[in-house]
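Visitor: Here's a structure for you.
The values are calculated or read from the model by the stated rules, or taken from the named source; none is laboratory data. Just so you know, these numbers come straight off a predicted model, no measurement behind them. Cβ atoms come from the backbone with ideal geometry, glycine included; neighbour counts cover every protein chain shown.
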Amino acid sequence: MSEQAHTADETTERRQEERREFHSYVWGVGLALLLTAVPFALVHWTPGISRLSLLIVIGVFALVQMLVHFRFFLHIGFKQKREDLHLILFSALLLTIMVAGTVWIMASLATRMVLPAQP
Amino acid sequence: MSQQVLKHPGLNLGPAHGKDDRAAENMMFGFWVFLMSDAILFGMVFATYVTSVHATAGGPGPHALYDLKSAFIETLLLLASSFTFGMASLALKYKHGKPRLIGWMVLTLVLGMVFLGFELHDFSSMFAKGGVPSRSGFLSAFFDLVPLHGLHVAAGCIWLICLVGQILRYGLDTATKLGIMRLALFWHFLDIIWIAIFSVVYLTGLT
Amino acid sequence: MSIAGIFEHPLGRLGLDSLPFWNMLQHPTKGNIINGIIATGAASVVVFGALGLIVVLTRYKLWRVLWSEWATSPDHKKIGIMYVVIAFVMLARALIEAALMRAQQAYGLGGGFLSPDHFAQLFSTHGTIMIFFMAMPFLTGVINYVMPLQIGARDVSFPVLNSISLGLTAAGAALVMVSLVLGKFSTGGWFGYPPYTEATFSPGVGPDYWIWALTLGSLGSTFTGINFAVTIYKERAPGMKLMRMPLFTWTALCTSILMIFAMPPLTVATAQLALDRYLGFHYFTNALGGNMMHFANLFWLFGHPEVYILILPAFGVYSELFSTFSGKVLYGYRSLVMATMAIAILSFTVWLHHFFTMGQSANINAVFGIASMLIGIPTGVKIYDWMLTMFRGRVRFTVPMVYSIGFILLFVLGGMSGILLANPTVDYQVHNTVFLVAHFHNMAVPGLLFGMIAAYHFWFPKAFGFRLNERWGMISALCWIFGFMLAFFPLYALGLMGLPRRTVAYTEPSYVPLEWVAFLGALLILTALASLLWQLWVSIKQRDENRVFAGDPWDGRSLEWSNSAPPPEYNFAVIPEVKGRDAFTMSKEGGTAYQRPDTYQDIELPKNSAMGPVIAAIGFTLAFGLVWHIWWMVILSFLAAVATLIIRGFARDTTRIVTAQEVRQEHHRWIDAVAAATAIARVDENKPANDGLAQHASDGVVP
């Protein structure tokens, strides 16, 4: 393969990559819009569903939207370097331990001490 | 080469940027680690909010204070700014030239500032309804969480202005490129925090 | 606060009554005079110490050296040394405070000589200093010095950030020192529980000193953690796979990860307390929906991982010591790595054991109690690994090794009392007694402090090019070990007898004998500190006969021993290629150590930067202004901080080149010295014959 053909090849490849990455952002925005609009609409018009199921929907949509942002805006996938992925998973684990632990402890305390911190 | 390993979170510059791409790995990893630390910070503030949401002490609660429409507009503004920053990153990576890059960055800045304007307006209308931080544990927790995010956005805006200044002063050298890429991570990260805020604070508060 | 309000009180809350002797002059009662004299004495030590330093620096024209060789240096080795210097200064202060407290308690039957307020300041500063401004700087300094050398790197990933971290820590330490002279420090203990530390109950400046000193220190530690973690992940020499890293580097990695993730809860807790105190928020107040238990939860979310931030690097040091001074490969490397990581993760799951008695359900207590006991397992694995490393080795009783053996014996004992405390039902009986004080000192002194002092002895020759005096080192080590036992074993008994911690005085005569034993222990520990300082003096005097320029005084095993002592600023003339664990031992055995490479390359190093000292100064004035409500100072410092960061963003020309020619010259000078040195056997390692070239022997064989 001649040098010139090689660069031409690279340019096309680069252009493809650019298009793919542009589409990634467009997809990201589209999905994020959808995932934002649905819970807002549900809360605004409150159709006859219970508060608990509404909260679950909000929670699930938020989690999915975070994943969308991670995937399409921060470009994090499974092709990541090992330490990057480790770090993200480890952070998620610690965040869960710390936040869930705090809520668990403080909710138990609130129940037992009749503090106004329970739903 | 589409299967190449990504060197760091965020948009990778790719081999076409030579030494800038190589320099990015450590710097971006370091900044990402910082963001993870920041995420824990936000996580603890969220935990405080969730455990104090009922501590209104007879003062106004979420229903009296939150404005769903405003929260929705703020969400759209931040989402749009994430997209415009994405375009700025692409302009940087594929060398679309300085004017386009700066254009996208300025657009992002404007969206960020409008977001801050809406947020300040929210706060002032909350104040007008008696929703001041010293009123109750709930309001203290609210004014820890949402303004903390707002301060981050404000810092991001200042950083953006400085980066535009650096582009004008030095052009797109390694330091400027890495600065833009770090700010991109920061900006997208703040948008993710905002998802948690509108879901946990505004939507949950108004159910 | 209006604009006019800013200028109405240009000195904020500062006034004559902030001086330590003011109260004594105004109300000269006997108690006030005693406390005033002690406080004034301490303040004069700070003031005259600072003045003395200024005079010495001016007299010997050292300002320029201090500025360009040290304060602005981005070199990880110099930054490491400065951290250790801070640690020693703060150690001296906190030890004297400890001795004062033990003296008060020895005389404490029905009164004693200190006022309750003064006593409370003593235990608060003692704890705050020992954790944040002694232990943290010490371990950060040691890691800073050793870790990049061990992994074959030229420096840490972000050298200027490293200097900024040092600056922030120094500013925090300075704030604690200033609190001796102006105003009073917190009386709320090292964890400053509200609502006692809220403005309602502690309206003075004390808790503010505490809040801002901690904030500065913890910011510094977060940046340090990020820096170390990135360095270990990204800057390792070729071939230095993760599972080939020396154990000390492994523990440094785990510690830095803990720093990254454990500091944020502390920042949140102190920031919220500050908002409560300054702006009338209600996070932890008694009124309007505040809840002080949030603070306990947040603080210990930080506090427990912090315990492991402190202990893990010491574990790493011991691993290196047992292996080096037994002349053997470390036993169970893989299990030690696993145990370290297990401890790092488990440390995030046990924070509730610091407040078992808060009032949550018994099930939660049980879960956290079990998790706490689980930590005993990986720690036990480590102890066995270290013992098996010594087994059938040629153990040399050098000073670091004496500390290590003292550690193993005492630490196991402390661990046992920890397992007792991890049981919530037992904890209900002994919580808030001096039993607990005995327990955590039993972990922290033999665990952390002995490890750090041993590290100081071990790596001192590497850093300064000469060995420390062995005899005074031994005296100090024995004083530490026996002083520790005398000072803290009685507290176990006193705790079981019901003596609450932090009591200034008591009415139970049966406490007195044990309190006196503990006081004698404290005096012995002071002797240990004095011998340590004397040892440094003697060693500097005798430095010429104890030089080890060749760089390997202890027949070391990892890369930090493979260059000169002290190493060149770029660490390695040529970045080493690593083929396995114990990289330097391998190259000594394979005959590839001390090479003269054919070609050298230019080395790029970061230029000196004033960022560190500037941020330190700004951080200090910002915190000082906040403590004393000097608002113009706060505003100016804040603006200065923002401006500094922006200006730094515009800095470009930040590196300089050491030419290949200079590298070659320096390297050859060292290799020539190695060639001229005689390799010595291990029996001679403490004699002047030790030039830093080791006669190598295979594992466990008499050299």
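Visitor: Can we say B:LEU111 is at pLDDT 95 or above, part of a helix (DSSP H, G or I) and more than 10 Å from every other protein chain (Cβ to nearest Cβ)? Steps first, please.
Guide: Details: at pLDDT 95 or above: yes; part of a helix (DSSP H, G or I): yes; more than 10 Å from every other protein chain (Cβ to nearest Cβ): yes.
Yes.
Visitor: Of the conditions (1) within 14 Å of chain C (Cβ to nearest Cβ); (2) free of Cβ contacts under 8 Å to residues at least 40 places away in the same chain; (3) touching a Leu at 6+ places or on another chain (Cβ under 8 Å); (4) of a type in the set (Gly, Ala, Ser), B:ALA91 satisfies every one except a single condition; which number is it?
Guide: Unmet condition: (1).
Visitor: If C:LEU175 passes every condition in (1) surrounded by fewer than 24 Cβ atoms within 10 Å (Cβ to Cβ); (2) within 30 Å of C:ALA43 (Cα to Cα) but one, which one does it miss?
Guide: With respect to (1) surrounded by fewer than 24 Cβ atoms within 10 Å (Cβ to Cβ); (2) within 30 Å of C:ALA43 (Cα to Cα), C:LEU175 is out only on (1).
Okay, residues lined up against (1) over 22 Å from C:GLY189 (Cβ atoms); (2) within 14 Å of chain B (Cβ to nearest Cβ); (3) surrounded by 20 or more Cβ atoms within 10 Å (Cβ to Cβ); (4) in contact with a Leu (Cβ under 9 Å, 6 or more places away or on another chain):
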position: C:LEU301; (1), (2), (3), (4): no, yes, yes, yes
position: C:SER319; (1), (2), (3), (4): yes, no, yes, yes
position: C:THR340; (1), (2), (3), (4): yes, no, yes, yes
position: C:THR357; (1), (2), (3), (4): no, no, no, no
position: C:ASN365; (1), (2), (3), (4): yes, no, yes, yes
position: C:ILE370; (1), (2), (3), (4): yes, no, no, no
position: C:MET373; (1), (2), (3), (4): yes, no, no, no
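Visitor: With the structure loaded, tell me whether C:ASP544 is closer than 27 Å to C:THR249 by Cα and charged (D, E, K, R) or whether it fails that test. Break it down stepwise before answering.
Guide: On the way: closer than 27 Å to C:THR249 by Cα: no; charged (D, E, K, R): yes.
No.
Visitor: Looking at region C:599-611, which of its residues are touching a helix residue (DSSP H, G or I) at 6+ places or on another chain (Cβ under 7 Å) and part of a strand (DSSP E or B)? Show your work before the answer.
Guide: Taking region C:599-611 first, the residues touching a helix residue (DSSP H, G or I) at 6+ places or on another chain (Cβ under 7 Å) are C:600-603, C:606, C:608-609, C:611.
The answer is C:ILE603, C:PRO606.
Visitor: Give C:ALA237, C:ALA252, C:ALA229 a once-over and let me know the one that is free of Cβ contacts under 8 Å to residues at least 40 places away in the same chain and under 30 Å from A:ASP84 (Cβ atoms).
Guide: C:ALA229
Visitor: Here is a further query. Looking for something at negative phi, among the basic types (Lys, Arg) and touching a strand residue (DSSP E or B) at 6+ places or on another chain (Cβ under 8 Å) - is there at least one such residue anywhere in region A:10-17? Explain how you work it out, then say what you get.
Guide: Looking only at region A:10-17, we keep the residues that are at negative phi, and these are A:10-17.
With the extra rule that they be among the basic types (Lys, Arg), the set shrinks to A:14-15.
Right, trim to touching a strand residue (DSSP E or B) at 6+ places or on another chain (Cβ under 8 Å) and you get none.
So far as region A:10-17 goes, no, none of its residues is at negative phi, among the basic types (Lys, Arg) and touching a strand residue (DSSP E or B) at 6+ places or on another chain (Cβ under 8 Å).
Visitor: List the pairs whose first member sits in region C:651-673 and is of a type in the set (Lys, Arg), whose second member is not in a helix (DSSP H, G or I), and whose Cβ atoms are under 7 Å apart, counting only residues at least 6 apart or on separate chains?
Guide: C:ARG656/C:LEU605; C:ARG656/C:LYS607; C:ARG664/C:TYR600
Visitor: While we're looking at this one, here's another question. When region A:60-86 is examined, which residues are found to be assigned to a helix (DSSP H, G or I), within 7 Å of chain B (Cβ to nearest Cβ) and within 16 Å of the chain's Cα centre (by Cα)?
Guide: The answer is A:ALA62, A:GLN65, A:MET66, A:HIS69, A:PHE73.
Visitor: A follow-up question, please. Report the residue count in region B:194-207 for those that are under 13 Å from B:GLU119 (Cβ atoms) and more than 9 Å from chain A (Cβ to nearest Cβ).
Guide: Here the count works out to 3.
Visitor: Here is a further query. Where the second residue is charged (D, E, K, R) and modelled with pLDDT under 95 and the first is assigned to a loop (DSSP other than H, G, I, E, B) and lies in region C:425-454, which pairs have Cβ atoms under 9 Å and are six or more apart or on separate chains?
Guide: As it stands, the answer is C:ASN432/C:ARG501; C:ASN432/C:ARG502, since those pairs meet every condition given.
Visitor: Going by the conditions given, is C:TYR331 in contact (Cβ under 8 Å) with a residue 60 or more places away in the chain, part of a loop (DSSP other than H, G, I, E, B) and away from chain B (no Cβ under 14 Å)?
Guide: Here the answer is yes, as C:TYR331 does meet what is asked.
Visitor: Give me a count of the residues in region C:227-248 that are farther than 24 Å from C:LEU448 by Cα, away from every other protein chain (no Cβ under 14 Å) and assigned to a helix (DSSP H, G or I).
Guide: Here the count works out to 1.
Visitor: Please determine whether any residue of region C:99-114 is farther than 30 Å from C:PHE572 by Cα and basic (Lys, Arg). Step through it out loud before you land on a result.
Guide: At the first step, the residues of region C:99-114 found to be farther than 30 Å from C:PHE572 by Cα are C:99-114.
Keeping just the survivors that are basic (Lys, Arg) gives C:102.
So far as region C:99-114 goes, yes, one or more of its residues are farther than 30 Å from C:PHE572 by Cα and basic (Lys, Arg).
Visitor: Assess whether C:GLY204 counts as being at pLDDT below 95 and either within 23 Å of the chain's Cα centre (by Cα) or not β-branched (Val, Ile, Thr) (or both). Reasoning before the result, please.
Guide: Working: at pLDDT below 95: yes; either within 23 Å of the chain's Cα centre (by Cα) or not β-branched (Val, Ile, Thr) (or both): yes.
When the stated conditions are applied, C:GLY204 passes them.
Visitor: I would also like to ask the following. Step by step: first the residues of region C:378-391, then only those that are of a type in the set (A, V, I, L, M) and touching a helix residue (DSSP H, G or I) at 6+ places or on another chain (Cβ under 8 Å), then the one that is surrounded by the fewest Cβ atoms within 10 Å (Cβ to Cβ). Which residue is that?
Guide: Restricting attention to region C:378-391, the residues satisfying the condition of being of a type in the set (A, V, I, L, M) are C:381, C:383, C:387-388, C:390.
Right, trim to touching a helix residue (DSSP H, G or I) at 6+ places or on another chain (Cβ under 8 Å) and you get C:381, C:383, C:387, C:390.
On the way: C:VAL381: 18, C:ILE383: 17, C:MET387: 12, C:MET390: 19.
Once the filter is applied, the top-ranked residue is C:MET387.
Visitor: Specify the residue that is farthest from C:ALA237 (Cα to Cα); the eligible residues are those in region C:551-598 that are outside any loop (DSSP other than H, G, I, E, B) and not hydrophobic (A, V, I, L, M, F, W, C).
Guide: Step one: of region C:551-598, the residues outside any loop (DSSP other than H, G, I, E, B) are C:559-561, C:583-589.
Checking the rest, the ones that are also not hydrophobic (A, V, I, L, M, F, W, C) come to C:560, C:585, C:587-589.
Working: C:GLU560: 12, C:THR585: 16, C:SER587: 15, C:LYS588: 18, C:GLU589: 20 Å.
For region C:551-598, the residue satisfying everything is C:GLU589.
Visitor: Also, I was wondering about something else. What's the number of the condition B:ALA141 fails, among (1) surrounded by fewer than 20 Cβ atoms within 10 Å (Cβ to Cβ); (2) touching a residue at least 40 places away in the same chain (Cβ under 8 Å); (3) more than 23 Å from B:THR84 (Cα to Cα)?
Guide: Of (1) surrounded by fewer than 20 Cβ atoms within 10 Å (Cβ to Cβ); (2) touching a residue at least 40 places away in the same chain (Cβ under 8 Å); (3) more than 23 Å from B:THR84 (Cα to Cα), only one is false for B:ALA141: (1).
Visitor: Also, quick follow-up: Just need a number here: residues in region A:18-49 that are more than 9 Å from chain B (Cβ to nearest Cβ), under 25 Å from B:THR75 (Cα atoms) and either surrounded by 13 or more Cβ atoms within 10 Å (Cβ to Cβ) or at pLDDT 85 or above (or both). Don't jump to the end; show me each part of the working.
Guide: Residues of region A:18-49 more than 9 Å from chain B (Cβ to nearest Cβ): A:19, A:23, A:27, A:30-31, A:34, A:38, A:41, A:45, A:47-49.
Okay, now just the ones that are also under 25 Å from B:THR75 (Cα atoms), so A:23, A:27, A:30-31, A:34, A:38, A:41, A:45, A:47, A:49.
Narrowing further to those that are either surrounded by 13 or more Cβ atoms within 10 Å (Cβ to Cβ) or at pLDDT 85 or above (or both): A:23, A:27, A:30-31, A:34, A:38, A:41, A:45.
Number of matching residues: 8.
Visitor: Next up: Kindly list the number of the only condition in (1) touching a Gly at 6+ places or on another chain (Cβ under 6 Å); (2) modelled with pLDDT of 95 or more that fails for C:VAL548.
Guide: The single condition C:VAL548 does not satisfy is (2).
Visitor: Would you say A:ARG15 is more than 7 Å from every other protein chain (Cβ to nearest Cβ), of a type outside the set (A, V, I, L, M, F, W, C) and over 18 Å from B:PHE72 (Cα atoms)? Don't jump to the end; show me each part of the working.
Guide: Working: more than 7 Å from every other protein chain (Cβ to nearest Cβ): yes; of a type outside the set (A, V, I, L, M, F, W, C): yes; over 18 Å from B:PHE72 (Cα atoms): yes.
So A:ARG15 fits the description; yes.
Visitor: OK, next. Could you list, in sequence order, the residues of region C:644-662 that are away from every other protein chain (no Cβ under 11 Å) and in a loop (DSSP other than H, G, I, E, B)?
Guide: Within region C:644-662, C:THR659 is the sole residue that qualifies.
Visitor: Ok, one more. Is it the case, given these coordinates, that B:GLY131 is in contact (Cβ under 8 Å) with a residue 24 or more places away in the chain, in a loop (DSSP other than H, G, I, E, B) and surrounded by fewer than 16 Cβ atoms within 10 Å (Cβ to Cβ)? Walk me through how you get there before you give the answer.
Guide: Values: in contact (Cβ under 8 Å) with a residue 24 or more places away in the chain: yes; in a loop (DSSP other than H, G, I, E, B): yes; surrounded by fewer than 16 Cβ atoms within 10 Å (Cβ to Cβ): no.
So B:GLY131 does not fit the description; no.
Visitor: Is it fair to say C:ALA213 is assigned to a helix (DSSP H, G or I) and within 14 Å of C:MET147 (Cβ to Cβ)? Quick ask: steps written out before the conclusion?
Guide: On the way: assigned to a helix (DSSP H, G or I): yes; within 14 Å of C:MET147 (Cβ to Cβ): no.
So C:ALA213 fails the test.
Visitor: Given the conditions (1) closer than 22 Å to C:SER124 by Cβ; (2) over 27 Å from the mean Cα position of the chain (by Cα), and given that C:ALA522 satisfies all but one, which numbered condition is not satisfied?
Guide: In the conditions (1) closer than 22 Å to C:SER124 by Cβ; (2) over 27 Å from the mean Cα position of the chain (by Cα), C:ALA522 misses (2) alone.
Visitor: Return a yes/no flag: does region C:577-584 have any residue that is closer than 30 Å to C:VAL205 by Cα and surrounded by 13 or more Cβ atoms within 10 Å (Cβ to Cβ).
Guide: Within region C:577-584, the subset closer than 30 Å to C:VAL205 by Cα is none.
There is no residue in region C:577-584 that is closer than 30 Å to C:VAL205 by Cα and surrounded by 13 or more Cβ atoms within 10 Å (Cβ to Cβ).
Okay, residues lined up against (1) of a type in the set (Val, Ile, Thr); (2) in contact with a Phe, Trp or Tyr (Cβ under 9 Å, 6 or more places away or on another chain):
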site: C:LEU288; (1), (2): no, no
site: C:HIS294; (1), (2): no, yes
site: C:THR324; (1), (2): yes, yes
site: C:GLY327; (1), (2): no, no
site: C:GLY332; (1), (2): no, yes
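Visitor: A follow-up question, please. Just give me the residues in region B:169-188 being facing another protein chain (nearest Cβ under 8 Å), part of a helix (DSSP H, G or I) and either of a type outside the set (Gly, Ala, Ser) or crowded, with 23+ Cβ neighbours inside 10 Å (or both), in sequence order. First the steps, then the outcome.
Guide: Filtering region B:169-188 for residues facing another protein chain (nearest Cβ under 8 Å) gives B:169-170, B:173, B:175, B:179, B:185, B:188.
Keeping just the survivors that are part of a helix (DSSP H, G or I) gives B:169-170, B:175, B:179, B:185, B:188.
Passing the criteria: B:ARG169, B:TYR170, B:LEU185, B:HIS188.
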